Amino acid sequence: MHAILAAAVASAALPCDPVYLPKRSLQLGPQGAVCQCNASYCDSVEPVGEVPKAGFVAYTTSLHNDTERLSRSEGRLEASPSASAKQHVEVNVSASFQKITGFGAAFTDAATLAYNALAPASRAALLRSYWGKGGLDYTIGRIPIGSTDFSTRVYSYNDEQFVRPGVEDLNLTHFSVGVDESSGKLPMIRAALNRSAGLRFFGSCWAPPAWMTTGNTTLNAVLRDQAGGPVHKAYARYLSKFVSAYRERGVEIWAITGGNEPAGNTGKWQDLKFSAAQQRDFVKLDLGPTLRAEQPGCKLMILDDQRSHLPAWADTVLGDAEAAQFVDGIGVHWYTAVEDTLDFFPRLQRTHESHPSVFILGTEACEGFLPWSAGPFPGDWDRGERYALDVLGDLNHMAVGWTDWNCVLDRSGGPNWAENECDAPILVDVEHSASAAAGSVASFFKQPMYYYFGHVTAFVAPGATRLAAAASASSILAGPPLVAAAFLSPDGGRVVVVVMNRHGAAHETAVHVPPHGYINVEMAAHSIRTFVLER
């Protein structure tokens, strides 16, 4: 039936095909369906189309109606708020803030293995789900430079240390990204790029070749010599050569970071340690000058680590004018906020106020990273809400975008050589993708996280401007029970308002968008809505 329906409405949006997967023992929050996709059927996002005069278009995802996933409807604006409204959102279209760069996810080795395990037609459905119209319309992609814990082994692009006995390969004559071609990572990236020509890619390196480190290891690694020394310059050249090599293979790199989580991770997987002062000096003496000379136009982000390090990290690096001249942005992660039970969002605002010429971008976040709740929680609704809370929290505090971690994983939450499995918005229906034959898996599942993130990504385009939006509610949960953000489309013609109700009960909500009027709507328990209005 689904194959017939898909063929009959090839150009129309399709609804969720719900499946309820077994709940894991530690999965205590509310569970919804996952939406199953395969070669013959996969749900899609209906275009906004024409907005009714004196009305709005709405998209809804709710636990109350569990098959309601980014479901389109229309409504009329009213002159006053509903008398029964217990929740209010006030949008100020005259107060504008940062322009949006975009949203997306990372192309890890684990994502590549999961993608390759799918049958070719199911791969095409996954590509449609993320890149381009009808899907989440991702516009940013993160590319690890070499291996991460979400690889099956540790490697770099220049593992051979010597060009001849006693002479180290500091000019990187052995450098090659061929492993990314043979693994399928570059082909997957190019397939996404073919669907979304405006994709911007940034690279992040977990660690250099082991021979560049003091202990010949990529665990808790420290670069040999000092900033300005031959090994530091070789590592800067290593990052620059990645940009060149990818360009030669049809993938332009928009930006790179100074390194993933330089303040340190658990020490159980690849990491290159820098203090803020050491990163400042590396940027000033090595990486900044190398990129400017060899990769003009490629932007440089510092930190690429926890928000908790701000504003101090930015103050240290950007307080040095020689280093600051090379820095375009600051990358931030969310993990030390412990799923946003700690409010670190104001740190972004303070950092922006001190360094307004430098953008802030969410460069990594995922669910299922805590030891007591590691790995996938199929259909978990709390994880979807926390995704939206983090995205909207970052945006409301001056971030220009947000980047998910693995775009797709298998049902184990890997593969991950360090046994650091996590969750992802899309899971391929195989337990261990590293041992699955290419093209052998028929289905994948879209989780609530996919749809919650989509309420922003599919409607807030690069170049959109954030508007002021204040949310108020009649009761308090752990974290705000009502969350909202508003945006003006790049052409100035439409206003987009995203509202999330984290209450366990439905509440009448009044969304005021002057001078247009009020959207009076009942927000179902555990639901999120995106409203689109003509300006």
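The values are calculated or read from the model by the stated rules, or taken from the named source; none is laboratory data. Note that the coordinates shown come from a computational prediction; the quantities given were computed from them, not determined experimentally. When we count neighbours, we look across all protein chains shown, and the Cβ atoms used for this are built from the backbone with ideal geometry, even at glycine. Calculation scope for accessible area: heavy atoms of the full protein, side chains included, ligands and nucleic acids excluded. Shrake-Rupley method; radii C 1.70, N 1.55, O 1.52, S 1.80 Å.
Points worth noting:
- Residues that are polar (S, T, N, Q) and either more than 24 Å from the chain's Cα centre (by Cα) or modelled with pLDDT of 95 or more (or both), drawn from region 228-285: SER240, SER244, THR257, ASN260, GLN270, SER275, GLN278, GLN279
The rows are residues; the columns are (1) at pLDDT below 95; (2) open to solvent by 50 Å² or more (accessible area, probe 1.4 Å); (3) farther than 30 Å from ARG494 by Cβ.
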site	(1), (2), (3)
ALA12	yes, no, no
ASP17	no, no, yes
LEU26	yes, yes, yes
VAL34	no, no, yes
GLY49	no, no, no
LEU70	no, no, no
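- Residue check, VAL391 among the hydrophobic types (A, V, I, L, M, F, W, C), on the phi < 0 side of the Ramachandran plot and either touching a Leu at 6+ places or on another chain (Cβ under 6 Å) or assigned to a loop (DSSP other than H, G, I, E, B) (or both): no
- Of all residues making up region 493-523, the number that are of a type outside the set (D, E, K, R) and either touching a Leu at 6+ places or on another chain (Cβ under 7 Å) or open to solvent by less than 20 Å² (accessible area, probe 1.4 Å) (or both): 18
- Qualifying positions in region 226-256 - part of a loop (DSSP other than H, G, I, E, B) and either of a type in the set (Lys, Arg) or open to solvent by less than 60 Å² (accessible area, probe 1.4 Å) (or both): ALA227, GLY228, GLY229, ARG249, GLY250, VAL251
- A Cβ distance below 8 Å, combined with a sequence gap of six or more or placement on separate chains, defines the contacts here; from region 184-211, residues that are under 11 Å from GLY141 (Cα atoms) reach residues that are assigned to a helix (DSSP H, G or I) and open to solvent by 10 Å² or more (accessible area, probe 1.4 Å) in the pairs ALA192/LEU127; LEU199/LEU193.
- Taking the criterion of being part of a helix (DSSP H, G or I) and open to solvent by less than 60 Å² (accessible area, probe 1.4 Å), the residues of region 182-204 that qualify are LYS185, LEU186, PRO187, MET188, ILE189, ALA191, ALA192, LEU193.
- Region 81-133 - residue that is part of a loop (DSSP other than H, G, I, E, B) and of a type in the set (S, T, N, Q) and, of those, most open to solvent (accessible area, probe 1.4 Å): SER84
- Exclusive hit being of a type outside the set (A, V, I, L, M, F, W, C) and within 28 Å of the chain's Cα centre (by Cα), set HIS516, HIS507, HIS512, HIS503: HIS503
- Only one of ASP315, ASP304, ASP328 that is crowded, with 19+ Cβ neighbours inside 10 Å and at pLDDT 95 or above: ASP304
- Filter pass, ASP423 being of a type outside the set (Gly, Ala, Ser), out of contact with any His (no Cβ under 8 Å at 6 or more places or on another chain) and without any contact (Cβ under 8 Å) to a residue 60 or more places away in the chain: yes
- Residue satisfying all of: in region 205-220; more than 26 Å from the chain's Cα centre (by Cα) and open to solvent by less than 70 Å² (accessible area, probe 1.4 Å); farthest from LYS299 (Cα to Cα) among these: GLY215
- Among (1) in a helix (DSSP H, G or I); (2) open to solvent by less than 60 Å² (accessible area, probe 1.4 Å); (3) touching a residue at least 40 places away in the same chain (Cβ under 8 Å), the one test that VAL179 misses: (3)
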